[in-house]
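Report on the following structure.
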Amino acid sequence: MGRGRVTIGVYNSYNPNKFMEAHRRALARAGPLALAFDSNLALFGFPFPEEPRTPRELAEWVAGTTSIGDNGGYLTELAEKGRFQSFPYPGKGFPPQLGEPVLTTSKPDPKLSVSLAEVKSMLEGGKSLLFVFGLGPHGVPKSAACIPRYNLDITNGRFSLETCTALGAVMGALCAYQ
C-alpha cells in the first residue's frame, strides 16, 4: 500500500477581517515546513484581499511582504507545485480531498485521542491526513474543533505550544518516526 499525503492545515483564529502580521509570519514559516517535509499547505479563513485570487498570486502577495522563508520564496515554490490552497472557514467539514482531519491540540478529547504511532500507521496504510493547527491565542474554536475524528497532542503532556512551534514539532516528529 502507498503512503498517505500529509497536509498542514492552518485555521485562522485571529482577526477574520484583516490580514495581520501574525498571518504573514505563520505562512512564511509553514511554507518551508511543507516543502521540507513533502507536504501540502491549506489555509482556512484567512482574510486575503479580493485580489490576488489564485494560490500562486496569494503566495506572491505574501512573499512580497516578508523576509522569512527565503523572502517568501518557499511559499511561492509550494504554490507552483500545486501544493498550496486557501479555503473559507469549514462549515460542516473540512474539504475531503485534503485527507482525514486530525486536530492538533494540547487538550485532546480522550475518546478522539491518537498517538503518533497510530498517525504514522494511518499514513503508512495509505490514508491521507490533514493536520489542523489553530493560529491565534485560543486555537481552533469549538465549532471547528469538533469536526475531526482524531485529536493529537504531540507533547503527550498537554503542553500548549505556539502555532509555529507546534507546526515544527508535529512535522519533525512525523519525519523522525519513519
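The modelled label-to-label distance between residue 121 and residue 165, using points 7 Å beyond Cα along the C-beta direction, is 3.0 nm. Exceedance of the 26 Å cut-off in Cα-Cα distance is limited, within the set 18/107; 18/127; 107/127, to 18/107; 18/127. Counting only helical runs of four or more DSSP H residues, what would the 222 nm mean residue ellipticity of the chain come to if each run contributes -39,500 (n - 2.57) and the total is spread over all its residues? Taken over the chain, the calculation gives -10000 deg cm²/dmol. Based on the Cβ-Cβ distance from residue 92 to residue 176, what FRET efficiency comes out when R0 is 45 Å, to the nearest 0.05? E(calc), rounded to 0.05, equals 0.85. The charge dipole of the chain, taken about its Cα centre with unit charges on the Cβ of Lys, Arg, Asp and Glu (plus for the first two, minus for the last two), comes to roughly 460 debye. Rg and Dmax of segment 138-178, both derived from C-alpha coordinates alone, stand at 11.4, 33 Å.
The residue among 30, 11, 148 whose Cα reaches farthest toward the positive pole of the charge dipole of the chain, with charges on the beta-carbon of Lys, Arg, Asp and Glu, is 148.
Work out how much length residue 17 to residue 112 would gain on full extension: take 0.36 nm times their residue separation and subtract the Cα-Cα distance, in nm to one decimal.
31.0 nm
Applying the Kirkwood pairwise sum to the alpha-carbon positions of segment 98-178 produces a hydrodynamic radius of 12.7 angstrom.
Within segment 83-112, which residues have the backbone N less than 15 Å from the label spot 7 Å out from residue 147 along Cα→beta-carbon, could you tell me? Only 85-104 pass the distance filter. Suppose the Debye formula is applied to equal point scatterers at every Cα of the chain; what is log10 I(q)/I(0) at q = 0.13, 0.17, 0.19 Å⁻¹? The Debye formula, applied to the Cα set alone, gives -0.59, -1.05, -1.32. Near residue 142, which aspartates and glutamates are there with a Cα under 17 Å away, not counting those fewer than 8 places off in the same chain? Cα-Cα hits under 17 Å: 109, 153.
Here, each number is a calculation from the coordinates, and none is a lab measurement. Nothing here was measured: the structure is a model prediction, and the numbers come from that model. Every residue, glycine among them, receives a Cβ derived from its backbone with ideal geometry; neighbour counts consider all protein chains shown.
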